[in-house]
Amino acid sequence: MVRYGGRVERASIRPFQLASDGSQRTDDTGMGRSFENRKASIFKTAAAKSKVYSKYGKLLYVAAKNGVPDPESNPALKATIDRAKKDQVPSHVIDKAIEKAKGASGEDYAPLRYEGRGPGGCMVIIDCLTDNNNRTITDVRNCFTKTDSKLGTSGSVMHMFDHLAIFSFAGTDGDAVLEAMLEAEVDVDDVEVKDGRVTLFAPANEFNKAKTALSAAFPDLDLDVQEIAYHPQTMTEISADDMPMFEKFMNMLNECEDVQEIYHNAKLPE
């Protein structure tokens, strides 16, 4: 999931893999998933506060409207609230979105997804929430057109990304995390330990199960990242010559009113 630019692109981190004998493999070469090699795909870049608040306002509204406006009875809403708090969204913004969802009327937001190739040939997935499909496709298409990028058809690049639940927190004991997941019968895609941080990757449908297992095993754990995101299976190197256009592409997408998440597989120059 490469995320870069002005919208919320936050850290997801990918770990060492398990060797065939069940032991953990920490060498970057063997695992091929080093966080350092893929950090562009796993970080959300902080946006202007108004953008962040608007983003979460929609996400919270939709989560509450599609379920019940009680986070204790609505796991999707609770997870979105937790993410919003981590991104320093004020409680009054969160409460306002939930209260709005309790009303009989209101906006009718629908999810839209676009895929294509960005500058340098990188693969891009763009998730949107919109109440005006024509506005959204016009805005997104404009981003592709003005940066010599190519908007693709549905499924054109999705198959090159993995849909994962990601949890990241301070720590160094990957063995303990893996053991906790195994005891809770959580499928583990990866566990990465690097620079004093542990990152757990699991299939997206294991998000709630993995989070519950982490909370049970480590009651005082402070999760810096807890999200479901798309991560690229391969990376595309962006040359220094392509960087200005790549940055323009990301900035334009981040400025689109309806764009919620941007995932790409670009590996940026050092």
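The values are calculated or read from the model by the stated rules, or taken from the named source; none is laboratory data. Being a predicted model, the structure only gives us computed values, none of them experimental. Please note: Cβ atoms are built from the backbone with ideal geometry, for glycine as well, and neighbour counts cover all protein chains shown.
So the values come out like this:
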{"read-out": "Scope segment 137-175; condition β-branched (Val, Ile, Thr), in contact with a helix residue (DSSP H, G or I) (Cβ under 9 Å, 6 or more places away or on another chain) and part of a loop (DSSP other than H, G, I, E, B); matching residues", "value": "147"}
{"read-out": "Number of the exception - residue 112 against (1) modelled with pLDDT of 95 or more; (2) buried (at least 20 other Cβ atoms within 10 Å of the Cβ); (3) outside any helix (DSSP H, G or I)", "value": "(2)"}
{"read-out": "Condition check for residue 130: closer than 18 Å to residue 112 by Cβ and out of contact with any helix residue (DSSP H, G or I) (no Cβ under 8 Å at 6 or more places or on another chain)", "value": "no"}
{"read-out": "Residue among 235, 250 that is in contact with a Lys or Arg (Cβ under 9 Å, 6 or more places away or on another chain), surrounded by fewer than 21 Cβ atoms within 10 Å (Cβ to Cβ) and not basic (Lys, Arg)", "value": "235"}
{"read-out": "Selected residue (criterion: farthest from the chain's Cα centre (by Cα)) from residues of segment 112-164 that are within 29 Å of residue 203 (Cα to Cα) and among the polar types (S, T, N, Q)", "value": "153"}
{"read-out": "Residues of segment 157-216 classified as of a type in the set (Asp, Glu) and under 30 Å from residue 116 (Cα atoms), total", "value": "5"}
{"read-out": "Test: residue in segment 46-54 that is within 17 Å of residue 225 (Cα to Cα), at pLDDT below 90 and either crowded, with 18+ Cβ neighbours inside 10 Å or acidic (Asp, Glu) (or both)", "value": "yes"}
{"read-out": "Segment 51-73 residues that are under 19 Å from residue 256 (Cβ atoms), paired with ones that are assigned to a helix (DSSP H, G or I) (beta carbon under 6 Å, 6 or more apart)", "value": "53/93; 56/84; 57/97; 59/80; 61/97; 61/100; 61/101"}
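Yes/no matrix, rows are residues, columns are (1) free of Cβ contacts under 8 Å to residues at least 60 places away in the same chain; (2) out of contact with any Gly (no Cβ under 7 Å at 6 or more places or on another chain); (3) aromatic (Phe, Trp, Tyr); (4) crowded, with 21+ Cβ neighbours inside 10 Å:
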residue	(1), (2), (3), (4)
121	no, yes, no, no
128	no, yes, no, yes
151	yes, no, no, no
160	no, yes, no, no
170	yes, no, no, no
